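Asker: Quick one: structure below, then a few questions.
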Amino acid sequence: MNTEQLMTLAVNKNGFVFDPENGISYTVNETGLFILQKLQSGVTKEEIIDFLTEEYEVTAKNAESDLDHFMAMLKALNLIEE
Amino acid sequence: MKKHYTAPYIERNSAGNLNKYAHTTVVRHQDNIDGVPIKNLVEKYGTPLFVFSEKHIRRSYRRLLETIRIHYPKVEVVWSYKTNYLAAICNIFHQEGAAAEVVSRMEYEKARSNGIPGNRIYFNGPSKRKQDLQLAIQEGAYIHIDHLEELYLIENIADELAIKPKVAIRVNMDTGISPMWTRFGFNYENGEAYRTVQRLVSGGKIHLAGLHTHIGTFILDPNAYYWAATKLLNFAQTIKDNFGIVLEYIDMGGGFASSNTLIDQYTPGELASPSLDQYAEAIGAAFNASIYVKEHNPRLILETGRVLIDESGYLIASVLGKKNLPTGERAVILDAGVNINITAWWYKQRVLPTKPFPGTYQNTVFYGPLCMNIDVIRSAMPFPDLYYGDTVIISPVGAYNVTQWMQFIEYRPNVCLINETGEVDVIRFREDLSDITSREFIPDHLRQI
Amino acid sequence: MLQLDDLQISIAVSGLKTGDNPQPGIPVIRSLRAAGFKGKIIGFVYDAMESGIYLEDIADEIYQMPYPSTGAESFLTRLGYINSRSKIDVIIPTLDSEIPLYIRLQKELQELGIHTFICTEKQFNLRDKSKLFQYFTSEDITVPKTVLLNSVAEINKAIQDIEFPVFIKGHLYEAYKANNIIEAQKYFLELQAKWGLPVILQELIEGDEFNVVILGDGKGNCLGMVPQRKLVITDKGKGFGGVVVNNPALEKFAQKVIKSLSWRGPCELEIIKDKEGAFHLLEINPRFPAWVRLAEGCGQNQPAATVLLALGNQIEELPPFKPGVLFIRHSEDIISNINLLGEISVNGELIRKQKKQEEIK
C-alpha cells in the first residue's frame, strides 16, 4: 500500500484535512481521523483494527468491514494506492 | 470505559456540500409503535412486517368527521376500499359507521363479504361490466356513472330487472389545479355533464340521486375543493331548475394529502400538506354560501382514503447487507422493497432507526431485496450506522401498499394490527409456496422433468 | 429615523451568499447595523462557502442549518440547539424556500421565544406563480394572461388567446422568451424535465419594469414602500443597479395589491408598465429583495422596522422615500484563511465574539 500522498496532508484535530499540494480539503469524522493518523504513522491494517477495538466499543468484525469501506473511500479519493 | 463508536468517514469538501446539517432528516429513533416494542414485534413476526395502529385509524376517522362537521354537519365519510381493503382495516371504518366506496367487482364482493349491504355501497370506476352492474343494481347500490356506454347499459339493466337504479354522474372540471383529471366522468365546463343529465332524464329509467367528482390525488391546494364544490352545487341548482330533480347527495370524492412528501416536492409534506381544517373550511365555505344547500340540505360525501390510513401504517425492515457505492455513499440492502412498499416510488418516506444513535451520520441509500435497479426505498440521506440484522422503520405506508403490492420473487409478509389495548393480531399471514402454486395447473406432459 | 440602539437582543438572518446571484441576508444585516443595532447578529447558512461568513464585521455567530426540505423536526431540533447556546429573539428569513417552514412553525418558534414578522400561509399561497392570475384578475388587478400547461399539446390552445412572443416559465424558477411555437415547445420540454409540471405560459408585456420593496402591516396598509427602476441588468437578468422613482400611479397600484392581500411583512413586487401606461403585476416575492439597502438609503429602514414589528411593537408609517437615490452593486474579494473554512465545515458553527474574548485572555 502506497501512502505517500497521505503524508502530505495537513490534518487538524477537529477533522479538517487540507491537501496543500492540490488545494483540496476533506472532512473526516472522529474515527476517520483516528485511522488517518494511524495510517500516517505507518501502522498496518491489522494493527489499526486492534487499536480501534481497544479504543472504541466495536467488534473486530464490524471494525474490519468499516475499515475496508474507509480504505476504499481513500482509494477513490486518490489518497492511497494499492 | 471505551469510546462510543461510529463508522469512519471521509468526504471531499466542495462548495455546495459544506454543511454537515444540510440533509439531516433523522434526528430521533422510534423503538415502539403504540407502546409495543419493535424488538418484540420483529422477534415474534419476523421482517419485513407491516404494522397498523387501530388507535390511530379510529382517531383519524373521528378527527376528519368532526372537523368537517364543524363546517357542514350533514356529512358522511365512506371508506375507499382501494386504499386498503384488508378486512380487519375495512371493518374498523365500518364499525365507526363508514359505508363502502368500491371501484371494481372484486372490491364490491369484498365489501359484501365484510357484511356491508348493497345499499351502503357507492360503486365508482370506469370499468364496471354488465354482470357487475346487474348485481349492484339488484342489491340497491349507488352507481356512479363514468361514461355514456355505462349509462346505456344501466338503462338496459333497468328494463331487464324492472328496477329504477340509483345513480350519480361523475363530473370533471377545472378547479385551478393541474393536471385536470378529464379522463373520468363528464366535463362540466363544456356542457357534457349537463347533456348527460338531460339524456338520463329523458330516458326516464334511472333515478339521479347525486353528483360525484374526484378532482385528483394528493391535492395540495385546498381551494380546489372550494371550486369543485361550488361548481357541483351550481350544477345541482341547474338540475333542480331545469328538470325538477332534487339531489340526495354531493360526493366530493377524495384526494386529501397525507403528511407524506412527493418525490419531486421540495417542501416536506408535514409543512406543505394542508390541514384537515383547511380542506374542511374550503368545502364548508362553498356549501354554506350555496342557496341550493340552504333549501335542500344535501348530504356531503367524502371518500378520502389516504389521509385516513397512510399515517397509521408502518413497515419494519431488516438490514441484509451494506456496500459502498462509487459515489462514496453507503448502500444498505433491506428485506423490504418496492414489491411490498410501492408508494416509495412516489413519496420520500420517513426512514428511522429503531434504536438510539450518537448523532453521527453517513450518506445512506436504501435498496430493497429485488434484483432490479428500480428497487430503491429511499434515495441517499444522512443516516446513523447500520449493521447486518439491524432494523429500520418506514412510514407512512398505510395507504395503497397492502393493495398495490406485487407478488414478485418474494412472499408477501405478515401484516399486524395493534388494537386499542395494545394487543397484537396478525391480520394477514405471510404467504408461503402454496399461495403461489395453488392456482397453477401443470399439464400431464410437463409433470415429468 | 428608526433606531435600534437600545435593543439588547439577538437577531438571526439567513441567506449570506453574495456574488453574482446575491441573497438578501447581508444587506438586511447592514441595514440593521445602520439603525444602530449593537446586539448580536446570528447568521444562518446552508453552506460553508456562503461569502458573508467570511466578512469579519457582519455576523457575530454563524450556524449551518438543515435545508427546509429536511422537515420541521430536524429544523426545530437545530433551532432548539442554537437557541440553547445563544438565545434568538428575532429571525428574518430571506429565502423563498424557507418561508413556508417559518409560517407553519410559528407556534413552535413562539414557544422558544423566537419572533418573526412574515406573511400568512394564505398570502403565501395566493402569490404562487400559478395562482396569481386566477386570484388577482377577480380583484381587478391585471396580471399578464397566464395558462398552466400540462402537455406540450396544450400550447396550441393557449396561443389562441395569447400572442407571441410569450414567456415560458418553470413552476418555481426560470423563464424564457419564446418567439414562436417551436421555441415554446422546446422550452416547455426543458422546463418540464427540470421543474416538473405544470409549465407556465404567460403573456409577454413590453414596457418599463419596476421593482417595489414593501413592508405590509397585515391589515392592508404599507408601512413602507420604495419603488425603483433597474438601471444595470446583468446577463442573468439580475438588477445590479437602480434608482428610486417617484411615480404616484405605480404606488397606487402597489398599494392596491397589498390591500387586496392584507400582506403582512416584507415583500418585493415586480410590476410592468405597458406602452399605454397601464400597470401589470408580474410577481410577488415573499421576502426582502437583495437590493433592500436602497430602502434604508432613501429614508425607510424596512429591516429595522421588521424587527420592531416582530417584537410586537406598533410602528408609525415610515417617512416618505427620497427619489433619485441610487444603488450600484459592487462585489469584491474577501481575504480569509482555509482554517476558517475548516472551522465552519467541521463544527457546523462559528462563534466570533467568544473567540475574540479568548484572544484577549
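Derivation of every value follows stated rules applied to the coordinates shown; laboratory data play no part. Just so you know, these numbers come straight off a predicted model, no measurement behind them. Here the Cβ is made from the backbone with ideal geometry for all residues, glycine too, and neighbour counts use every protein chain on show.
Asker: For the range C:170-247, which GluC sites (Glu not before Pro) are in a loop by DSSP, counting at most 14 other Cβ atoms within 10 Å?
Answerer: Those satisfying the criteria are C:GLU174, C:GLU206.
Asker: Apply the Karplus curve 6.51 cos²θ - 1.76 cosθ + 1.60, θ = phi - 60°, to the phi angles in the range C:153-168 and return the couplings in whole Hz, x for Gly and Pro.
Answerer: 5, 5, 4, 4, 6, 4, 7, 6, 9, 10, 8, 5, x, 10, 8, 10
Asker: Now for a separate question. Which whole-number percent gives the relative contact order of the range B:297-449, counting Cα pairs below 8 Å spaced six or more residues apart? Display every interim value, and only then the final one.
Answerer: Details: 256 pairs, mean separation 39.4, N = 153.
RCO, the range B:297-449: 26 percent.
Asker: Applying the Karplus parametrisation 6.51 cos²θ - 1.76 cosθ + 1.60 with θ = phi - 60° to the phi angles of the range B:346-352, what ³J(HN,Hα) value in whole Hz is obtained for each residue in order, glycine and proline being reported as x?
Answerer: 9, 10, 7, 6, 7, 10, 10
Asker: Using a ≥ b ≥ c from the Cα gyration tensor of the protein assembly as shown (square roots of the eigenvalues), is it rounded, prolate or oblate, where a/c under 1.5 gives rounded and otherwise the larger of a/b and b/c decides, a/b for prolate?
Answerer: Oblate, since a/c reaches 1.5 and b/c is not below a/b.
Asker: For the Cα atoms of chain C, what angle does the longest principal axis make with the long axis of helix C:248-261, in degrees from 0 to 90, nearest 10?
Answerer: The angle comes out near 80 degrees.
Asker: Within the range B:169-257, which trypsin sites (Lys or Arg not before Pro) sit in a loop by DSSP and count at most 13 neighbouring Cβ atoms inside 10 Å?
Answerer: B:ARG183
Asker: Moving to a separate point now. For labels at A:VAL11 and B:ILE291 in the simple 7 Å Cα→Cβ model, what's the distance in nm?
Answerer: 8.2 nm
Asker: Run the numbers on chain C and let me know its relative contact order in percent, using alpha-carbon pairs under 8 Å that are six or more apart.
Answerer: Value for chain C: 19 percent.
Asker: Still on this structure: Got a sec? How would B:MET381, B:MET372, B:MET252 order by Cβ neighbour count within 10 Å, fewest to most?
Answerer: B:MET372, B:MET381, B:MET252
Asker: Check B:GLU76: other-chain or 5+ apart residues with amide H under 5 Å from its amide H, H built from backbone geometry?
Answerer: HN-HN under 5 Å from B:GLU76: B:LEU300, B:ILE301, B:LEU302.
Asker: Here is a follow-up. At C:SER84 and C:ASP274, where each label point lies 7 Å from the Cα along Cα→Cβ, what is the point-to-point distance in nanometres?
Answerer: With each label point 7 Å from Cα toward Cβ, the separation is 5.8 nm.
Asker: Can you list which of the trypsin sites (Lys or Arg not before Pro) found in chain A are DSSP loop residues with at most 11 other C-beta atoms within 10 Å?
Answerer: Counting only loop positions with at most 11 other Cβ atoms within 10 Å, the trypsin sites (Lys or Arg not before Pro) in chain A are A:LYS13.
Asker: Follow-up. Select from C:VAL213, C:ALA310, C:ILE233 the residue farthest towards the positive end of the dipole of the range C:206-328; place +1 on Cβ of Lys and Arg, -1 on Cβ of Asp and Glu, and compute about the Cα centre.
Answerer: C:ALA310
Asker: Let me ask something else about it. Taking the Cα-to-Cβ direction at B:GLU189 and at B:THR403 and moving 7 Å from each Cα, how far apart do the two end points lie in nm?
Answerer: So the two model labels end up 2.9 nm from each other.
Asker: Which one, B:GLY203, B:GLY337, B:GLY255, has the greatest fluctuation when you compute a Gaussian network model over chain B with C-alpha springs under 10 angstrom?
Answerer: B:GLY203
Asker: For chain B, modelled as a Gaussian network with Cα springs under 10 Å, which listed residue fluctuates most, B:THR360, B:THR403, B:THR437?
Answerer: Of the options given, B:THR437 has the highest mean-square fluctuation.
Asker: While we're on this one: For chain C, with a Gaussian network of springs between Cα atoms less than 10 Å apart, report the residue from C:LYS122, C:LYS236, C:LYS273 with the top mean-square fluctuation.
Answerer: Maximum fluctuation in the GNM of chain C, among the listed residues, is at C:LYS236.
Asker: How would the range C:1-85 be classified by its alpha-carbon gyration tensor: rounded, prolate or oblate, with rounded meaning a/c under 1.5 and the a/b versus b/c comparison settling the rest?
Answerer: Details: a/c = 2.16, a/b = 1.31, b/c = 1.65.
It is oblate, given that a/c is not under 1.5 and a/b is not larger than b/c.
Asker: If one takes the longest principal axis of the Cα atoms in chain C, at what angle in degrees, from 0 to 90 and to the nearest 10, does the Cα axis of helix C:129-138 lie?
Answerer: Relative to chain C, helix C:129-138 is tipped by roughly 60 degrees.
Asker: Continuing with the same structure: Given R₀ = 41 Å, FRET efficiency for C:ASN313-B:HIS29 by Cβ-Cβ distance, to 0.05?
Answerer: 0.45
Asker: Right, here's the next one. Taking the Cα centroid of the range C:101-180 and of the range B:341-365, what is the distance between the two, rounded to the nearest whole Å?
Answerer: 33 Å
Asker: I need the semi-axes of the equivalent ellipsoid of the range C:259-329: take the C-alpha gyration tensor, multiply each eigenvalue by 5, square-root it, list largest first in whole angstrom.
Answerer: Square roots of five times the eigenvalues give 23, 17, 12 Å.
Asker: Also, I was wondering about something else. Just list whichever of C:LYS131/C:LYS273; C:LYS131/C:LYS194; C:LYS17/C:LYS122; C:LYS145/C:LYS169; B:LYS128/B:LYS205 have alpha carbons separated by over 24 Å in the model shown.
Answerer: From C:LYS131/C:LYS273; C:LYS131/C:LYS194; C:LYS17/C:LYS122; C:LYS145/C:LYS169; B:LYS128/B:LYS205, over 24 Å: C:LYS17/C:LYS122.
Asker: A further question on this structure: For the Cα atoms of chain A, what angle does the longest principal axis make with the long axis of helix A:60-76, in degrees from 0 to 90, nearest 10?
Answerer: 20 degrees
Asker: How much mean residue ellipticity at 222 nm does the protein assembly as shown get from its helices, if each DSSP H run of length 4 or more adds -39500 (n - 2.57) and you divide by all residues, to the nearest 500 deg cm²/dmol?
Answerer: Using -39500 (n - 2.57) per qualifying helix, the result is -9500 deg cm²/dmol.
Asker: OK, next. If R0 is 25 Å, what FRET efficiency do you get for C:LYS322 and C:ARG229 from their C-beta distance, rounded to 0.05?
Answerer: E between C:LYS322 and C:ARG229, to the nearest 0.05, is 0.95.
Asker: Let me ask something else. Given a cut-off of under 8 Å on Cα pairs at least six residues apart, what relative contact order in percent is computed for chain B?
Answerer: Values: 871 pairs, mean separation 88.8, N = 449.
In percent, rounded to a whole number, it is 20.
Asker: Could you please state, rounded to a whole Å, how far the C-alpha centre of the range B:22-46 is from the C-alpha centre of the range A:1-70?
Answerer: The two parts, judged by their Cα centres, are 32 Å apart.
Asker: For B:GLN362, list long-range residues whose amide hydrogen, built 1.01 Å from N in the peptide plane, is under 5 Å from its own amide hydrogen.
Answerer: B:PHE383
Asker: On to the next question. For each pair in C:LYS40/C:LYS256; A:LYS75/B:LYS323; B:LYS294/C:LYS129; B:LYS3/B:LYS44, compute the distance between the two Cα atoms and list the pairs where it is over 26 Å. Don't skip to the end; give the middle numbers.
Answerer: Details: C:LYS40/C:LYS256 37 Å; A:LYS75/B:LYS323 15 Å; B:LYS294/C:LYS129 36 Å; B:LYS3/B:LYS44 33 Å.
Listed pairs above 26 Å: C:LYS40/C:LYS256; B:LYS294/C:LYS129; B:LYS3/B:LYS44.
Asker: On to the next question. List the residues whose amide H sits under 5 Å from the amide H of C:PHE240, counting only those 5 or more places along or on another chain, with H placed 1.01 Å from N in the peptide plane.
Answerer: Counting only residues 5 or more places away or on other chains, the set is C:VAL232, C:ILE233, C:THR234.
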